[in-house]
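Input: a single structure, listed below in structure tokens.
The values are calculated or read from the model by the stated rules, or taken from the named source; none is laboratory data. In this text the structure is predicted, and so the values were computed from the model without any measurement. Cβ coordinates were reconstructed from backbone atoms using ideal geometry, including for glycine residues, and neighbour counts include every protein chain displayed.
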Amino acid sequence: MLLYVVPLLSIALALLVGGAVIAAAGANPLRAYSQMILGALGSLHSVAEVLVKSTPLMLAGLGVMLAFRVGFWNIGAEGQLYMGAFGATLVVLQGWSLPGIGFLPTMVVAAVVAGGCWALIPALLKVRLNTNEILTTLLLNYVAILFVEYFLFGPWKDPLTLNFPMTKLFPHDAQLPRFGDTRLHWGFVLAIMLAAGFYLLERTRWGFAITVTGENPRAAAYAGIDVLRTLVIAVVISGGLAGLAGMVEVAGIQLRLVTGISPPNAPYGYTAIIVAWLARRRPLGVILVSILLGVLYVGGEVLQIETKLPTAIVLVVQAMILLFILGGQVLTRYRVALVREESRSVAA
Amino acid sequence: MSLLDLAGPILQAAIRAGTPLLIAAVGEVFAERAGVLNLGVEGMMLVGALAGFLSSFFIPDLTAALIAAMVFGGLAAAIHAYLTVTLRSEQVVSGLAITLLGVGLTSFFGRAVIGQVARGIEIYRVPVLSEIPFLGRVFFQQDALVYVSYLLIPAAWAVLYKTHLGLNIRAVGENPEAADALGVNVAATKYGCVIAGGALAGLAGAYLSLAYTTMWVDQMTAGRGWIALALVVFSGWNPLMVAAGAYLFGGMEALQLRMQAVGTGLSVHFLTMTPYLVTILFLVNASQRRRKSRPPASLGVPYFREERKG
């Protein structure tokens, strides 16, 4: 039971702290929260918007989850996301489409390859040179964003948009189809399907190899699993999934490559770490947590429009949820037991 | 113009750029020497930067601003200490959460003062010393915090290697069980080191908002907290080597900024990228000499006093 009480209580406490932060900024927290919830869940359109925000979180979250499973701290989903967006855009700008079906398949492949290659660097540094991956994956985020910005401010800048750092609009066959008149696109379906695919993966030999490698590399090696190979492949797929998150953002939402495809105030790539952690390494958990945080994202945007409160409140609440869950895990680790005084003295 | 005339301003700028890295990394050395990895440096620096800036903006007293920066940096670190030492939570996740919290809170509360300028720490020419040809300009025409950081290097080294307290800290980081058996208060030592590290990270942040620049910019640390964490690994957890690494990085940043200003034809984006790439090379290099500089044995491992053997 505590398994569910702790996350719910953590979210409640995090919202309480968030409320205090809102109050400190001079706004009414209750009003702010009701505006957020109404703004995020009040209409079919806003619900679609919640799912829009949850899509990159699911994809990158699945990626980070896979890396965590194999025992690799991938803090680099943000950079991998940007590289994925870069790969997808490269394909479009180069005109590499398949006759009859357009750009989308090649964009997916390019995004997965680009994100995967970006994750391959820290993976190889870890297995070959024993370099700690936490700092390398993180530092590569800064490099990836600057790399993409170089193209946006330079060779890829659309001359028609004056001085805005963005590429030209993608052609129609490079855009993910949307549902009705909402912004919800097929990337969401792709994310759900991939999450479902994870359950199939768990039943395969390779899925087992990943789990064992993460839990106990020595036992894995003893069982005949090629530990280093398993780790590198899992991390590359992890990066590929984050890359896919970047692809669906450019092909489904922005319809071009622009700066800040991941909101700078609460970047998807970092939130994906929170998603993977809160999901307790379960794909269904990734879906649910992503949707929950999607509500927070849309609510934050509505709040900014209506009350001018900065969207950074989203990141504050996210961080607080993480901190409370961490603290609350003590409760799930230990159990309070009533022991009679006499029996204790006897036992001692 | 001689080469020295050219190098002087760049080296002077190198010291300035290296100072926040130096202060933050020395703080983290203490936390890690006591066995606690704190990935919250970036967030604690931001908290310190904003606290110091706001304080100086509203109360024209720089000492108060620096104290505010240290207090808030220390408070952020105290959360990490509580979670990892008392509740024994995962250090990596807790530290990351501290960074995200710092980024979020400062972005939220800093919005009101974006574009404002506060009173900063002024350059103070040290009498006599600043008159030394070349070196005087590089080392002694700086602001007061730089001079404080000069003292911090030998002080941190002396505390770690020449005092009883330092011995206790290192013992806690290497073998908390043995330290405990000898009567060292393991939890208190860890708390002290983590909070001191946070206070120094806060001070490093204030250096950015009150001396390096005199304004508040959203996420103005720009990854310096992570570079500081890498410097700790590179230094082999030794304050003297931290200083060497910090000034090397400061030099790189100064050179890179100078190249941007002069306009060398190289892309601004690729120039800005170099510190992060070089940091990765430093990390690779450090991992190749693990034998000589290995991390404290209990780094990242929670200590369960109840599970002592005997």
Fill in the blank from the handout: Scanning the range A:289-310 residue by residue, the ones that are over 16 Å from A:P56 (Cβ atoms) and either touching a residue at least 60 places away in the same chain (Cβ under 8 Å) or not basic (K, R) (or both) total 9
Practice task
Please enumerate the residues belonging to the range B:77-109 that are touching a residue at least 12 places away in the same chain (Cβ under 8 Å) and aromatic (F, W, Y).
Solution key: B:F109
Exercise for the section: Kindly establish whether A:T182 is of a type in the set (S, T, Y) and in contact with a helix residue (DSSP H, G or I) (Cβ under 6 Å, 6 or more places away or on another chain). Expected result: yes
Exercise for the section: Would you be able to say whether some residue in the range A:88-99 is within 18 Å of A:I237 (Cβ to Cβ) and more than 10 Å from chain B (Cβ to nearest Cβ)? Expected result: yes
Problem - Verdict on A:A266 being surrounded by 24 or more Cβ atoms within 10 Å (Cβ to Cβ), over 30 Å from A:T204 (Cα atoms) and among the small types (G, A, S) - result: yes
Problem - Verdict on B:F270 being without any contact (Cβ under 8 Å) to a residue 40 or more places away in the chain and on the phi < 0 side of the Ramachandran plot - result: yes
Handout entry: A:T204 being at pLDDT 90 or above and loosely packed, with under 13 Cβ neighbours inside 10 Å
Key = yes
Exercise for the section: Would you mind stating whether B:F249 is farther than 26 Å from B:G115 by Cα, within 14 Å of chain A (Cβ to nearest Cβ) and surrounded by 23 or more Cβ atoms within 10 Å (Cβ to Cβ)? Expected result: yes
Problem - Answer residue from the range A:295-312, given it is in contact with a Leu (Cβ under 7 Å, 6 or more places away or on another chain) and either within 9 Å of chain B (Cβ to nearest Cβ) or surrounded by 23 or more Cβ atoms within 10 Å (Cβ to Cβ) (or both) and is nearest to A:Y33 (Cα to Cα) among those - result: A:L303
Problem - Set B:A187, B:A179: member being surrounded by fewer than 17 Cβ atoms within 10 Å (Cβ to Cβ), out of contact with any strand residue (DSSP E or B) (no Cβ under 9 Å at 6 or more places or on another chain) and away from chain A (no Cβ under 14 Å) - result: B:A187
Fill in the blank from the handout: Residue count, the range B:142-161, condition surrounded by fewer than 18 Cβ atoms within 10 Å (Cβ to Cβ) and either under 19 Å from B:A297 (Cβ atoms) or over 22 Å from the mean Cα position of the chain (by Cα) (or both), comes to 1
Practice task
Given the conditions (1) within 14 Å of chain B (Cβ to nearest Cβ); (2) touching a residue at least 24 places away in the same chain (Cβ under 8 Å); (3) more than 19 Å from the chain's Cα centre (by Cα), report the number of the one that A:T137 does not fulfil.
Solution key: (3)
Exercise for the section: For the range A:155-173, state whether one or more residues are surrounded by 22 or more Cβ atoms within 10 Å (Cβ to Cβ), hydrophobic (A, V, I, L, M, F, W, C) and assigned to a helix (DSSP H, G or I). Expected result: no
Practice task
Within the range A:52-78, count every residue that is within 14 Å of chain B (Cβ to nearest Cβ), within 8 Å of the chain's Cα centre (by Cα) and over 13 Å from A:S262 (Cβ atoms).
Solution key: 1
Problem - Identity of the residue in the range B:107-130, closer than 13 Å to B:L54 by Cβ and among the small types (G, A, S), that ends up surrounded by the most Cβ atoms within 10 Å (Cβ to Cβ) - result: B:G110
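Each row is one residue, and each column tells you yes or no for (1) more than 30 Å from A:L124 (Cα to Cα); (2) not hydroxyl-bearing (S, T, Y).
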residue: A:L140; (1), (2): no, yes
residue: A:V143; (1), (2): no, yes
residue: A:L146; (1), (2): no, yes
residue: A:P155; (1), (2): yes, yes
residue: A:L162; (1), (2): yes, yes
residue: A:F170; (1), (2): yes, yes
residue: A:L176; (1), (2): yes, yes
residue: A:T182; (1), (2): yes, no
Practice task
Return the only residue of B:A158, B:A112 being free of Cβ contacts under 8 Å to residues at least 40 places away in the same chain, within 14 Å of chain A (Cβ to nearest Cβ) and over 24 Å from B:A7 (Cα atoms).
Solution key: B:A112
Handout entry: In the range A:113-132, the residues that are surrounded by fewer than 23 Cβ atoms within 10 Å (Cβ to Cβ) and either away from every other protein chain (no Cβ under 13 Å) or touching a residue at least 40 places away in the same chain (Cβ under 8 Å) (or both)
Key = A:V113, A:C117, A:L120, A:L124, A:K126, A:V127
Fill in the blank from the handout: Here the residues within the range A:140-182 that are of a type in the set (K, R) and within 14 Å of chain B (Cβ to nearest Cβ) are A:K157
Problem - Lone unmet requirement of (1) part of a helix (DSSP H, G or I); (2) touching a Gly at 6+ places or on another chain (Cβ under 8 Å) for B:D218 - result: (1)
Problem - Test result for B:M241, closer than 30 Å to B:F108 by Cβ and more than 13 Å from chain A (Cβ to nearest Cβ) - result: no
Practice task
Answer yes if at least one residue in the range A:235-249 is within 14 Å of chain B (Cβ to nearest Cβ), in a helix (DSSP H, G or I), under 13 Å from the mean Cα position of the chain (by Cα) and of a type in the set (S, T, Y), and no otherwise.
Solution key: no
Practice task
Being in a helix (DSSP H, G or I) and without any contact (Cβ under 8 Å) to a residue 40 or more places away in the chain is the filter; apply it to the range B:119-147 and report the residue that is nearest to B:P60 (Cα to Cα).
Solution key: B:A144
Problem - B:A228 being in contact with a Leu (Cβ under 9 Å, 6 or more places away or on another chain) and farther than 24 Å from B:A76 by Cβ - result: no
Practice task
Assess whether A:I22 counts as being assigned to a helix (DSSP H, G or I), over 24 Å from the mean Cα position of the chain (by Cα) and in contact (Cβ under 8 Å) with a residue 40 or more places away in the chain.
Solution key: yes
Exercise for the section: Quick one: in the range A:313-326, of everything that is over 16 Å from B:A81 (Cα atoms) and in contact with a Pro (Cβ under 9 Å, 6 or more places away or on another chain), which residue is nearest to the other protein chains (Cβ to nearest Cβ)? Expected result: A:L315
Problem - Filter result for A:V5 (under 25 Å from the mean Cα position of the chain (by Cα) and at pLDDT 95 or above) - result: no
